[in-house]
Amino acid sequence: MTFLAIDVGNTRLKWALYDAPRPGATLLAHGAEFLDHIDRLAEGRWAQLPQPQHMLGCVVAGDAVRRRVHEQLEIWDLTPSWVVSSAQEAGLVNGYDHPSRLGPDRWVAMIGARHHVLARGPARPLVVAMVGTAVTVECVDAQGRFMGGLILPGHGIMLRALESGTAGLHVPTGEVRRFPTNTSDALTSGGTYAIAGAVERMVQHVSLHCGAEPACLMTGGAGWKMAPSMTRPFELVDNLIFDGLLEIAAHRLGPPQAKP
Ligand SMILES: Nc1ncnc2c1ncn2[C@@H]1O[C@H](COP(=O)(O)OP(=O)(O)O)[C@@H](O)[C@H]1O
Ligand SMILES: CC(C)(COP(=O)(O)O)[C@@H](O)C(=O)NCCC(=O)O
Ligand SMILES: [K+]
């Protein structure tokens, strides 16, 4: 029972085809496209795939982009299904003031992260940093309750904001340095440490509030750039959103039916 997972962020669409809608399923194919290029998926990479039996996704890029994805999905006999953040799902409780206003990518990544931790040891508090177009930093307590999270600009948005708001900041990407001595390095390091600092603050808040060191997970397209600059070890997980979509699909579909 093949399962197509789709994560549409503000920069790229990521997709993965699995052999079943359950955690631990075998990955059959995957890819990522910038949003400008998604209109060729049906005649490109997706043309070679076997028909998926189920599809579940999350989209934060708006309704116009969602419609463009639906057009590509028309090559298959498939009902597209998109996660809406809810009060609870797959073992997590949503502490947001208005649960449905929480970005579904954040909710799905937390579900993936919680199950990632539970599969490896006892329940403990959790910090999930997702570094994409924007950066989000979530806290889930040991009981599986989403307590709250931060949203801040990602690297690209920070740099574009500085470029457009000043006369003298138009320089190529630099290196991350502790003591930057040129504009490029100063900008790159400033953005990186702004993110690292916000994440560190959340870890401190969680440690104080929960009285236990949280498990720290990082994901998102730019996660690998951040990992070396963190103040403490963060486990870099490629695909927390796909892991979360597999969990949700498995919970919604129930246990596999025995063949008659
Ligand atoms: N190979 C890559 N292609 C595109 N973006 C990349 C790549 N590697 C890192 N990035 C960074 O990741 C960010 C996009 O990450 P992604 O998780 O796709 O974001 P979103 O989910 O918001 O669409 C970009 O801002 C870019 O800085
Ligand atoms: C915070 C986000 C913009 C992150 O988007 P991304 O970086 O993944 O493209 C997205 O999760 C979103 O639009 N959230 C809705 C607001 C909220 O979560 O409170
Ligand atoms: K995302």
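Read the figures in this text as sums done on the coordinates, not as results from a lab. Quick caveat: nothing in here was measured; it's all calculated off a predicted structure. Please note: Cβ atoms are built from the backbone with ideal geometry, for glycine as well, and neighbour counts cover all protein chains shown.
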Measuring from its Cα centre, the chain shows a charge dipole (+1 at each Lys and Arg Cβ, -1 at each Asp and Glu Cβ) which, in debye to the nearest 20, is 380 debye
Per the Kirkwood treatment, what hydrodynamic radius in Å, one decimal, follows for the stretch 26-73 from the mean inverse distance over all distinct Cα pairs? 11.9 Å
Which Cα, out of Val117, Gly223, Ile38, lies furthest along the positive dipole direction of the chain (beta carbon charges, K/R +1, D/E -1)? Val117
Pulled fully out, how much extra length does the chain show between His70 and Ala167, if you take 0.36 nm times their separation in residues and subtract their Cα-Cα distance? 30.7 nm
For Ser229 and Arg120, compute 0.36 nm times the residue count separating them, minus their Cα-Cα distance, and round to one decimal in nm. 36.7 nm
Given the rule -39500 (n - 2.57) for each run of at least 4 DSSP H residues, summed and divided by the residues of the chain, what is its mean residue ellipticity at 222 nm, to the nearest 500 deg cm²/dmol? -10500 deg cm²/dmol
Using a Förster radius of 30 Å, what is the FRET efficiency between Ala87 and Arg201 based on their Cβ-Cβ separation? Nearest 0.05, please. 0.65
Under the Karplus relation with 6.51, -1.76 and 1.60 and θ = phi - 60°, whole-Hz ³J(HN,Hα) for the stretch 41-51, x at Gly and Pro, equal 4, 5, 9, x, 4, 6, 4, 8, 7, x, 4
Rg to Rh ratio, the stretch 80-157, alpha-carbon atoms and Kirkwood radius? 0.97
Which value, in debye to the nearest 20, describes the size of the charge dipole of the stretch 93-171 about its Cα centre when Lys and Arg Cβ atoms bear +1, Asp and Glu Cβ atoms bear -1, and nothing else is charged? 240 debye
Please give me, ordered by residue number, the GluC sites (Glu not before Pro) of the stretch 153-260 that lie in loop per DSSP and have at most 16 other Cβ atoms within 10 Å. Glu175
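Hand me the trypsin sites (Lys or Arg not before Pro) from the stretch 92-125 located in a DSSP loop with no more than 10 other Cβ atoms within 10 Å, in residue order please.
Sparse-neighbourhood loop trypsin sites (Lys or Arg not before Pro): Arg120.
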Surface/4 estimate of mean projected area, convex hull on alpha-carbon atoms of the stretch 51-125, nm²: 6.3 nm²
PRE reach from Ala186 (point 7 Å along Cα→Cβ): which of the stretch 131-163 fall under 11 Å by backbone N? none
Arg45 versus Arg178: modelled label distance in nm, points set 7 Å from Cα along the beta carbon direction: 4.0 nm
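Stokes-Einstein D for the stretch 108-260 at 10 °C, 1.306 mPa s, Kirkwood Rh over Cα pairs, in µm²/s?
94 µm²/s
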Which residue fluctuates the most in the chain, going by a Gaussian network model with Cα springs under 10 Å, if the choices are Phe234, Phe179, Phe242? Phe179
Debye calc, one equal point scatterer per Cα of the chain, no solvent, log10 I(q)/I(0) at q = 0.15 1/Å comes to -1.11
For the residue pair Ala212 and His37, what label-to-label distance in nm results when each label sits 7 Å from Cα along the Cα-to-beta-carbon direction? 4.3 nm
